[in-house]
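A short write-up of the structure that comes next.
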Amino acid sequence: MKVVIFSLLRKLFSIFRKLFSMFRKLFSMFHKLIRKLWLLPPCKKLDYVLQKAWKGNKPLEYHFLPYVTSVLRVLGWAVLVVGVIASIVLGLEIVKSGLMVGKTELIGVGLGVSVIVLGIIGSFLAWLFLLVNRELIYLFIHVKENTGNTTERITKEPD
């Protein structure tokens with residue numbers, strides 16, 4: 001039993017170390033973005049950085065949408081990682097010592113395992129929902145661009 005607990009603790013420590021490394025990299029990228037914004041002239045700060053973030057060949061009409069898509073991606077991954085870790089910790093706590101909800105005590109291996117499985121499934125679905133919303137924003141941007149291009153071609157007079 002002790003070997004299983006130590007193995008589980010070692011895996012949890014490895015996950016926490018990777019999570020800490022990911023948050024450190026994320027903070028570093030955010031710090032670089034803030035420094036880049038600070039060094040730009042005041043009138044071009046945000047528009048310039050958001051325009052550089054968008055890989056399109058035309059000037060971007062909706063300056064805030066690429067930022068929103070980046071936030072949705074980061075938020076989706078954070079929800080997935082934190083949700084999986086939280087469901088594992090909560091499930092193990094229910095298995096080990098139980099959980100009081102109102103006047104009812106929840107305890108047991110089956111309940112703990114079901115909390116872990118349902119938590120992981122819920123985290124995955126929340127992650128999927130956030131990434132799908134991100135892709136829908138890209139879809140709307142591309143539909144608008146393609147509609148504009150088609151309108152230009154149709155209304156252009158033949159030479």
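The values are calculated or read from the model by the stated rules, or taken from the named source; none is laboratory data. Model, not experiment: these values are computed from the prediction. No Cβ is skipped: glycine too gets one built from the backbone with ideal geometry, and neighbour counts run over all protein chains shown. Remember, those area values only see protein heavy atoms, side chains included, never the ligands or the DNA or RNA. Shrake-Rupley method; radii C 1.70, N 1.55, O 1.52, S 1.80 Å.
When the residues of the range 51-100 are filtered to those that are in a helix (DSSP H, G or I) and polar (S, T, N, Q), which remaining residue is modelled with the lowest pLDDT?
Among them, the one singled out is Gln51.
Just checking, which of Gly91, Gly76 is open to solvent by less than 70 Å² (accessible area, probe 1.4 Å), in contact with a Leu (Cβ under 7 Å, 6 or more places away or on another chain) and within 30 Å of Leu9 (Cα to Cα)?
Gly76
Hey, does the range 101-115 have a residue that's under 24 Å from the mean Cα position of the chain (by Cα), in a helix (DSSP H, G or I) and either within 18 Å of Ile15 (Cβ to Cβ) or aliphatic (A, V, I, L, M) (or both)?
Checked against the condition, which is being under 24 Å from the mean Cα position of the chain (by Cα), in a helix (DSSP H, G or I) and either within 18 Å of Ile15 (Cβ to Cβ) or aliphatic (A, V, I, L, M) (or both), the range 101-115 yields at least one hit.
Might you let me know whether the range 138-158 holds any residue that is closer than 15 Å to Leu75 by Cβ and in a helix (DSSP H, G or I)? Let's see the steps before the verdict.
Residues of the range 138-158 that are closer than 15 Å to Leu75 by Cβ, as a first pass: none.
No, the range 138-158 contains no residue that is closer than 15 Å to Leu75 by Cβ and in a helix (DSSP H, G or I).
Take the residues of the range 128-142 that are among the hydrophobic types (A, V, I, L, M, F, W, C) and open to solvent by 50 Å² or more (accessible area, probe 1.4 Å): which is farthest from the chain's Cα centre (by Cα)? Steps first, please.
If we filter the range 128-142 for residues that are among the hydrophobic types (A, V, I, L, M, F, W, C), which is where we start, we get 128-132, 136-137, 139-141.
Filter again for open to solvent by 50 Å² or more (accessible area, probe 1.4 Å), leaving 128-129, 132, 136, 139-140.
Values: Leu128: 9, Phe129: 10, Val132: 11, Leu136: 15, Leu139: 18, Phe140: 20 Å.
Checking each candidate, the answer is Phe140.
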